[in-house]
Amino acid sequence: MANNISSPQNGNAPIYANIIGWGMAVPETRLTNEDLEAILDTSDEWIRSRTGIHERRIASEKETTASLGLKAAQQALSVTNLVPSTLDMVIVATCTPDYRFPSTASLIQNSLGASQAGAFDLSAACSGFVYAIQMAAQAIRSGSIKTALVIGSETMSRVLDWQDRGTSILFGDGAGAVILQASEEVGGVLSAVLRSDGAGADLLGIPAIPNYVTGDRKLNKMYMIGRDVFKFATRVIHESVIESVEAAGITLADVALIIPHQANDRILQSAARSLNVDRERFMTNLDRYGNTSAASIPIALYEAVQTGRIKEGDYIVFVGFGGGLSWGAIVIQWRVPRPAEVHSSRIAKQRRQFSYLRARVRGRWKYWRRRLRMLVNRVRPNYGRIYRLRSKIDEYDFEDDE
Ligand SMILES: CC(C)(COP(=O)(O)OP(=O)(O)OC[C@H]1O[C@@H](n2cnc3c(N)ncnc32)[C@H](O)[C@@H]1OP(=O)(O)O)[C@@H](O)C(=O)NCCC(=O)NCCS
């Protein structure tokens, strides 16, 4: 699937889906290559030379895909004037959700107090963020929604086989988020290429049922055939970047920055060579975070914006690839001023804080009300004061009265 938005839809002026907010969150705990030397038959030198990775972040027991995603989302909202109740959709790209259901997106939607938003998780492994951006952009451009929160969040450390030196050295935990909003100003997501080849399922995956646990594979742990994935990655980066740039009606020379999924520095070097693009135009931060799967592109985007590598009007390309096999690229024209010029009003800030607090109180209230109701029902459901107490509990529903 490849498309662009150069022509007006239904005879109306086109609607553009611009990125207006960005955020990231990573756990405090660092795991360096030297730390890995203590638990695996590996070396800092081997890891650095084969991957470019120096260290990665590892979630604490209390941190989850949802809690990291929530922090990144709050940061993305903090550079806008939006309050959570204006969000229409929350998408979380992840392959390490907290639950099979409810979705991680629903958990985050609730914690934000995004009372008007639909929410779902999107599973496309390391390509997930690119897929999710395109889904949100399509919904915005069709006119069905105005504002979407798109998050890539992962706790890869929980699905790694820590005895497997071929995979455990590569991955880390983290989250990144963006806010997309409808606009009449030309820009935002200009084109997208999304692809998949399920025949490559054997190369990279996490078995979730015993049927797929064969050979060295372990239930709920990642397996990978590194060499084949390497070749696949360099090929699809080249193809999808070229195709998405053509679909956007620009040339590779017009692109200011390519933000690739941060898998391996050698993959990125090889892709830059084959595209004949200066290595400087490829954003990299994997030395500090490793491969954070669906979170790696929004984390790299956040750092690129904050360090001034993206200016208003720039064309940038996101390119993702990974399990599925799946891959995709999108071209974006950046339409926000430099971070220093982006301000969120104090009122918006206070309203957001209130929304987060209210969401917490509401969540606790719902929980305790359920427990109280159960208790009261067990005592004497129809007896005088207790009956009135139960009706009062039922009456106050804390429904969305904003
Ligand atoms: C994983 C990867 C770094 C391995 O590098 P490689 O050059 O292909 O290495 P190989 O798997 O062929 O292994 C070469 C040797 O190094 C060894 N080795 C593997 N991992 C090692 C480690 N962490 N430390 C030290 N030695 C290691 C192997 O056992 C092998 O030894 P042998 O020759 O004695 O059998 C590389 O294949 C890669 O980056 N692939 C892409 C992975 C990726 O990005 N996946 C995510 C995509 S979303």
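The values are calculated or read from the model by the stated rules, or taken from the named source; none is laboratory data. Bear in mind the structure is a predicted one, so any value in this text is a computation, not a measurement. As a convention, Cβ positions derive from the backbone with ideal geometry for all residues, glycine included, and neighbour counts pool all protein chains shown.
For the reader, a short list of remarks on this structure follows.
- Number of the exception - Gly118 against (1) more than 12 Å from the chain's Cα centre (by Cα); (2) surrounded by 24 or more Cβ atoms within 10 Å (Cβ to Cβ); (3) more than 21 Å from Ser326 (Cα to Cα): (2)
- All conditions in (1) within 16 Å of the ligand (Cβ to nearest atom); (2) surrounded by fewer than 22 Cβ atoms within 10 Å (Cβ to Cβ); (3) among the small types (Gly, Ala, Ser) hold for Ala294, with the sole exception of (2).
- Among residues of the stretch 192-218 that are at negative phi and assigned to a loop (DSSP other than H, G, I, E, B), those with a beta-carbon under 6 Å from a residue that is of a type in the set (A, V, I, L, M, F, W, C) and within 16 Å of the ligand (Cβ to nearest atom) at least six positions away or on a different chain give the pairs Asp197/Leu325; Leu203/Ile225; Leu203/Val229; Ile206/Val159; Ile206/Met222.
- Failed item, numbered, when Val305 is tested on (1) more than 17 Å from the chain's Cα centre (by Cα); (2) more than 16 Å from the ligand (Cβ to nearest atom): (1)
- Sole residue being modelled with pLDDT of 90 or more, of a type in the set (A, V, I, L, M, F, W, C) and exposed (fewer than 12 other Cβ atoms within 10 Å of the Cβ), chosen from Leu357, Leu286, Leu301: Leu357
- The single condition among (1) within 16 Å of the ligand (Cβ to nearest atom); (2) in contact with a strand residue (DSSP E or B) (Cβ under 6 Å, 6 or more places away or on another chain) that Leu257 does not meet is (1).
- Test result for Ile299, within 15 Å of the ligand (Cβ to nearest atom) and under 18 Å from Leu203 (Cβ atoms): no
- Where Thr96 falls short, out of the listed (1) more than 16 Å from the chain's Cα centre (by Cα); (2) at pLDDT 95 or above; (3) among the β-branched types (Val, Ile, Thr): (1)
- Residues located in the stretch 124-183, provided they are among the small types (Gly, Ala, Ser), in a strand (DSSP E or B) and within 15 Å of the ligand (Cβ to nearest atom): Gly152, Gly174
- All positions within the stretch 121-147 that are surrounded by fewer than 22 Cβ atoms within 10 Å (Cβ to Cβ), among the aliphatic types (A, V, I, L, M) and within 16 Å of the chain's Cα centre (by Cα): Met135
- Per the conditions (1) near the ligand (Cβ under 10 Å from one of its atoms); (2) over 22 Å from the mean Cα position of the chain (by Cα), the sole criterion not satisfied by Val229 is (2).
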